[in-house]
């Protein structure tokens, strides 16, 4: 006597329940098979449960979230250097990392990327290594011994053939890069194999020394800014972890699974993928940081923080240069930081404080419009009706 | 009594506050007198007329009457005066904006150096920003940036000269110093329309008002003078500063009238500028702060407002309050979690106002009759004309006679009153909760130890604050929203934050572990403090026929009927395949219909943060049942632990000789391993870990080896101590301490680290002169082989102190950093509120989330929306098992 799936769908469609709940409900009733009567009872009870579980209107969720994130902060470690999964790469963790996220810094102190490989090659160690060399910034010191030849006023680079082969880069390519990058003449002597001679523009001692210094700054291969790549086997697959983050550039590298590649640099995510991705990145980074410290914080609190940071379409800092500095109320801003400047500016502009927020009303000594202070009771005067 | 007086008037609400600059005209208009003499009091100690303490400015001395409003000190709010400045002076705070305006305004015709079209464009942008609720800062900055670009005035074609600004307040145009008078003249000619483009409102703030020609003198009430014990008067810092200003102003006037040379005039002008600058802000960079005679910098206007103790954060956002008490806290497991023990002496001082009505007249009379000396008495009586009268033995009889409905008495606090209880730092909402008063002897606040976790309190001398609620509304709100039982579940993670700690856990652990034979007497004793009066059927009978009860049975008595839970206990050994109910260690808890069938009760069951049973009881049976459960188990646990006894002393760390030898051997092995590593390193045979240098590799390897050795010795110690050792019981059940603590006490303290590395600092090439240079061995870099019990040798002790110091520094830095993080978070999020439509909005109406947390669910009740909850509903309706 159980009803069909179509009937179930029509019965549960339009219910104001979260999608996951609806999906579970649907799966359960389809699996078990229910009668119409039973289904009605189930829906009624699930709805009642949901309504009970909802937040109450006027709840000051903001403060609760702020406290839920701030309070565990006191229990976090300060140790900056720790390892996250990969022992070889240092990542900022604990309280400093949380502060960094909330500060919406342009670049984190330890940028890091997790690069996944395309599924079909993910188990191939050689392929992973090849991609790694493709990404990692190669500098001259990796490839060659640099000798300053004072007699002939030039730099002699003795390239290591084995490493060249391993990194998949040719002598000519290096010469070209150096020529373009330094703007000097580069010669490949025919008599000695694997040698490059760099000649400064002017045969000056100072120029030569400068050149010997500058040559280390030229990226010969890979992506500038990615200092190191570590390959690690996670289960069946090889994953690359990079020190330094260059999301935009990495996405153009072949053999990389875009959908599973990410960075811990929120600013970069915002620039490359936009605000929604940045919002999610904040939630993820914050919850990872807290989880690593063994602290449980409900995801809703992190969502709220993330949402207020991103609700204007750009990532705003929690603090004086972001949300708190852009509040409508003069008093709220003055009570937070840089008190006098805000007051003087307000006077100059003739600002009006509408006294809508919490701080303002506390300052003037009025009930705040939040929680029980936001509820208005209208009573009919019984005497009037008589 | 008239009807009007019965209904209290609705308090006025401030709708909005408008800011602006005060124009010189306004200053003169609101001024009650011009101040011309720098002196304050005459020889008789009477304020001088037209002096800084003029009686028209308000009064602070008792007995005198204000000449402006006629009221006495305390009632008179004070009135402003003014000082006519001889020459205009720049207000320091506006230097930045003055500079911008000066540079973007024509030096000849004072028009804004922008084309008409652009002005209109910017005006439009400004109004758009305003409509959007954004601050206009960016647009205004663009206006100035654009205007500054034009080299000639588009209106009079005058060439614009570069204006240099020199700290603190000098403007130099083409080598010529602009006097404030000149600047003021330029600003006076700016048209209203141009002012609007610059983001200012010409009605409330004209640029020339930023250059002062007349200085308002704040009322005396703002800068009260204090009379020292010696009878000497000590003036406020502001008064001192004002005296300086008047003096220089006078001298300036005299010199100018006398036709003094330009140089002297300029010097005096500068001096006047200095005094006004420091009057407004005594911390301007480039200006030496004005100092008191003692050398202390004066606290002038800006300093009064700024910072943590400033007016805004110190006096307006946070205030000192009446009706509060503070003392040391101590534990009392016999109190309910909803209660707080208040010392009698505090209860006698804290009062609650009660309106006298015909129905409570007798009771109120009784309070007054008892007075302030006999406990539930009354301290004050407030007559219907709002006069407060102290109840004394002398006037008691008289008051009793006069007492009538309409009066209010302030009765002493008594059992059952609702108070707020708080411990700083108040990091979350559970740091302030409402408790019911229980008046007790002695001098400390008492609280149930189960409420320690939310307050983060312990009893090593912590003090807590109590606030007595004064209105019926606040009491209602507190008891519904803030009472302890309503806060058992923390919104942070949706689990219980109030729960068993320490003895609660070890008590119940000892009680429910293993088979117990509890006699009737003992069983009754255990449950004595619970509400239960009937013992269950005995578990069996001893050989002599005496009935006995089991510990699990006793514990089951305090569980609510209808409770079903199953979970692995804290003591779970995390076997590969869990045998669940058949666990041989009795580490899998099964509760059916409120009956503990299997398992041992420990931290996982009733502990704060973790307690699964507690969590379930609160979520399924409500907060009252939850509170009852906590109360019951604290009482039961205390009796349980007393029944068995649990003590811990230095002999509990004794381990047998064989174990000691085993540990020594293990440590020797570890040292050998380290030596081998070092040998390999020195022979360059060691292979570097990928991405690490050789030095880093050897360090990491040594750390690993030593860490493992320490853990192994710990395991050996743990094994030899056995499961009956008190410390092991506490660590395993989660009551207190960990196996690591035990290891350090009994076996080996282990590696001391600084910043996650072995200790390296000290002398050149070595940590201490006891070691060879370049020694990489374990003990040369802070490995402590000894245990706390055996005692550390001098070098070990020193390394231990180094490691310990780092911990202390860490805590100190962390508290300040996380405190600031918290302040910023709260400040950014405090205005958010869930609306009736489920969205989260800021107070100005900006939508932050369309549905709170994407599903609109409260984190403390989120269990109801989890898949298991749905499964349960479907299961219970259909009676069929759901996957």
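Where a number appears in this text, it was derived from the coordinates with a stated rule and is not lab data. Everything numeric here is computed off the predicted structure, so don't read it as measured data. Glycine gets a Cβ as well: all are built from the backbone with ideal geometry, and neighbour counts include every protein chain shown.
Numbers at a glance
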item: Mean separation of Cα contacts under 8 Å, 6 or more apart, over the residue count of the range B:544-673: relative contact order %; result: 19 percent
item: Antiparallel bridge percentage (DSSP; both residues within the protein assembly as shown; nearest 5); result: 90 percent
item: Centre separation in Å (Cα based) which lies between the range B:494-564 and the range B:625-704; result: 35 Å
item: Label zone at residue A:105 (point 7 Å along Cα-to-Cβ), backbone N below 20 Å, the range B:819-841; result: B:819-825
item: Principal axis dimensions, the range B:833-878 - Cα atoms, whole angstrom, descending; result: 48, 17, 13
item: Pair residue B:472, residue B:567: separation of 7 Å Cα→Cβ label points (nm); result: 4.3 nm
item: Difference of contour (0.36 nm per residue) and Cα-Cα distance, residue B:34 to residue B:541; result: 172.5 nm
item: Sites residue B:424 and residue A:224 - FRET efficiency at Förster radius 51 Å, r taken between beta-carbons, to 0.05; result: 0.50
item: Two-site label geometry, residue A:233 and residue A:142: point separation in nm, points 7 Å out along Cα→Cβ; result: 2.4 nm
item: For the range A:130-153 and the range A:16-69, distance of Cα centres in Å; result: 62 Å
item: Whether the range A:200-356 is rounded, prolate or oblate, judged on the alpha carbon gyration tensor where a/c under 1.5 counts as rounded; result: oblate
item: The range B:324-487: antiparallel DSSP beta bridges as a percent of all, rounded to 5; result: 75 percent
item: Shielding score for A:359-369, defined as the mean number of other chain Cβ atoms within 10 Å; result: 4
item: Distance (nanometres) between label positions extended 7 Å along Cα→Cβ at residue B:813 and residue B:680; result: 3.4 nm
item: Gyration tensor verdict on the range B:503-644 (Cα atoms; rounded if a/c is under 1.5, prolate if a/b is larger than b/c, oblate otherwise); result: oblate
item: Gain in span if fully extended, residue B:152 to residue B:761, counting 0.36 nm per residue against the direct Cα distance; result: 212.7 nm
item: Sites residue B:520 and residue A:288, calculated FRET efficiency, Cβ-Cβ separation with R0 60 Å, nearest 0.05; result: 0.60
item: Chain A: most fluctuating residue of A:270, A:52, A:241 per GNM, C-alpha cutoff 10 Å; result: A:52
item: Chain B: relative contact order as a whole-number percent, Cα under 8 Å and 6+ apart; result: 7 percent
item: Rg and Dmax of the range B:93-208, Cα atoms only, in Å; result: 13.9, 44
item: Shielding by partners - mean other protein chain Cβ count within 10 Å, residues of B:805-814; result: 2
item: Chain A: relative contact order as a whole-number percent, Cα under 8 Å and 6+ apart; result: 18 percent
item: FRET efficiency estimate (nearest 0.05) - Cβ-Cβ, residue A:172 to residue A:252, R0 25 angstrom; result: 0.60
item: Full-extension gain in nm, residue B:392 to residue B:296, via 0.36 nm per residue minus C-alpha separation; result: 29.9 nm
item: Relative frequency of Cα-Cα separations exceeding 50 Å in the protein assembly as shown, percent; result: 49 percent
item: For A:293-301, mean number of other protein chain Cβ atoms within 10 Å; result: 5
item: Share, in percent, of DSSP beta bridges within chain B that are antiparallel, nearest 5; result: 85 percent
item: Part-to-part distance (alpha-carbon centres) for the range B:853-882 and the range A:352-386, which is given in Å; result: 37 Å
item: Gyration tensor (alpha-carbon) shape descriptor, chain A, a/c threshold 1.5; result: oblate
